[in-house]
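Report on one structure; see the data block that follows.
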Amino acid sequence: MRWTVVLPVKGQSGKSRLDAGDARAALAVAFARDAIAASVACPAVERVVVVTGDETVAATEGVEVVADPGAGLHAAIQAGIAVVAPGAPAAVVLADLPALTPEALDDALALAAEQPRSYVADAISTGTTLLAARRADALRPRFGEGSAERHRAEGHVELPVPVSSGLRVDVDELADLHLALDLGVGVHTRAVLDGARATDAA
Ligand SMILES: Nc1nc2c(ncn2[C@@H]2O[C@H](COP(=O)(O)OP(=O)(O)OP(=O)(O)O)[C@@H](O)[C@H]2O)c(=O)[nH]1
Ligand SMILES: C=C(OP(=O)(O)O)C(=O)O
C-alpha cells in the first residue's frame with residue numbers, strides 16, 4: 001500500500017513554547033524540513049502534501065504544496081486532505097518531528113495498512129503525531145491537547161510504535177528537543193543547533 005502523507009506546517013511563527021531564544025524560528029522551520037525529508041524518502045509514501053504559508057518550507061523538493069487557508073491547524077489539515085482521492089490511503093503527520101526517519105515512518109505505515117483508521121501517540125501517549133486511514137475519507141482529525149483520547153473515541157486504533165521511534169517525539173518544549181537529540185535529529189535541525197552554538201562561542 002502506498003500512502004499520501006499530509007504535513008501541516010506553520011513555519012517560522014510556530015513552536016512558541018520552545019524556549020530557544022533567537023534560534024526558535026529557525027528551529028521551527030528545521031523540524032518541519034527534517035520531517036518532510038523523512039516523508040519524501042520513505043518507500044511507502046507516494047505523495048507528500050505540505051500545507052503551509054512558509055516560503056522556505058514550500059520550496060522543499062519532492063512535495064506538493066497547498067496554501068495554508070490561515071484558519072488554524074484543522075483548516076490546514078482539511079485543505080491537505082482535500083487534494084487526496086477519497087478512497088486513497090492517507091496519513092496526517094504533524095511536522096514537529098526532527099528525529100523522524102524514513103524507516104520509522106515506513107514501519108508505522110506498514111502497521112497502519114492493517115487498520116481502517118489508526119493513530120500514533122506522542123511520547124507521553126496523550127497527543128497524536130500521525131493519524132492514518134486506508135481511505136482518506138475515513139480520517140477524523142481531532143488534533144490539539146489530549147488528542148489521542150479523541151482519536152480513539154473516533155475509532156482510530158493506536159498503533160504499537162515503540163517509544164524509541166522518532167515518530168513519537170514531537171518537540172514542543174526544550175525537554176522534548178533533548179529527547180529528540182538522544183535519538184538523533186535530521187540535518188536541518190542539526191545545522192541550526194550547530195550554528196547557534198558557533199554564534200554563542202564567538
Ligand atoms: N499549516 C498550518 N500548520 C499548523 C498550524 N498550526 C499548527 N500547525 C502545525 O501543526 C504541527 C503541530 O503544531 P503545534 O505544536 O500544535 O503548534 P505550533 O503552533 O507549532 O506550536 P505552539 O506555538 O507551541 O503551540 C506543526 O507541524 C505545526 O507547524 C496552522 O495554523 N497551519
Ligand atoms: C497538536 C497536538 O500536539 P502538540 O500541540 O503538542 O504538538 C496533538 O497532539 O494533537
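Each reported figure results from applying straightforward, stated rules to the coordinates on display, with no laboratory input. What you are looking at is a predicted structure, and each value in this text was computed from that prediction instead of being measured. A quick note on method: Cβ atoms are made from the backbone with ideal geometry, for glycine too, and the neighbour counts reach across all protein chains shown.
Tabulated results
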| quantity | calculated |
| --- | --- |
| FRET E, pair Arg17, Glu61, Förster distance 25 Å, beta-carbon r, rounded to 0.05 | 0.25 |
| Fewest-first sequence of Ile124, Ile77, Ile36 by Cβ atoms within 10 Å of each Cβ | Ile124, Ile77, Ile36 |
| Within-14-Å neighbourhood charge of Ala191 [Cβ basis; K, R +1; D, E -1] | +1 |
| Assigned charges on the beta-carbon of Lys, Arg, Asp, Glu; segment 3-201 dipole about Cα centre (debye) | 460 |
| Whole-Hz couplings from phi, Karplus 6.51/-1.76/1.60, listed for segment 71-87; x for Gly and Pro | 10, x, 4, 5, 5, 5, 4, 5, 5, x, 5, 5, 8, 9, 4, x, x |
| Integer Hz, Karplus 6.51/-1.76/1.60 couplings in order for segment 30-46, x for Gly and Pro | 5, 4, 5, 5, 5, 5, 5, 4, 5, 5, 4, 8, 7, x, 7, 9, 8 |
| Built amide H within the under 5 Å cut-off of Asp68, gap 5+ | Thr52, Gly53 |
| Positive minus negative residues near Arg47 (Lys, Arg vs Asp, Glu; Cβ under 12 Å) | -1 |
| With Cα atoms, 0 to 90° folded angle of helix 102-112 axis to the chain main axis | 20 |
| Selection from Gly195, Ser164, Gln115 lying farthest towards where the dipole of the chain points positive, charges on Cβ | Gln115 |
| Integer Hz, Karplus 6.51/-1.76/1.60 couplings in order for segment 183-200, x for Gly and Pro | 7, x, 9, x, 5, 5, 5, 4, 5, 5, 5, 5, x, 5, 5, 4, 5, 4 |
| Val157 long-range amide H proximity, modeled H, under 5 Å | Arg117, Ser118, Tyr119 |
| Stokes-Einstein D for segment 1-115, Kirkwood Rh over Cα pairs, 10 °C, 1.306 mPa s (µm²/s) | 112 |
| Convex hull volume per residue for segment 1-68, taking Cα atoms only, in Å³ | 79 |
| Burial order of peptide ranges 12-19, 106-113, 41-48 (average beta-carbon count within 10 Å, highest first) | 106-113, 41-48, 12-19 |
| Cα Rg, Dmax (largest Cα-Cα span) when computed across segment 117-202, Å | 15.9, 53 |
| Under-5 Å amide H pairs with Glu46, H placed in peptide plane, nonlocal only | Trp3, Thr4, Val5 |
| Equivalent ellipsoid, the chain (semi-axes from 5 times Cα gyration tensor eigenvalues, Å) | 26, 18, 15 |
| Under 11 Å, Cβ to Cβ, from Ala35 - net charge with Lys/Arg +1 and Asp/Glu -1 | -2 |
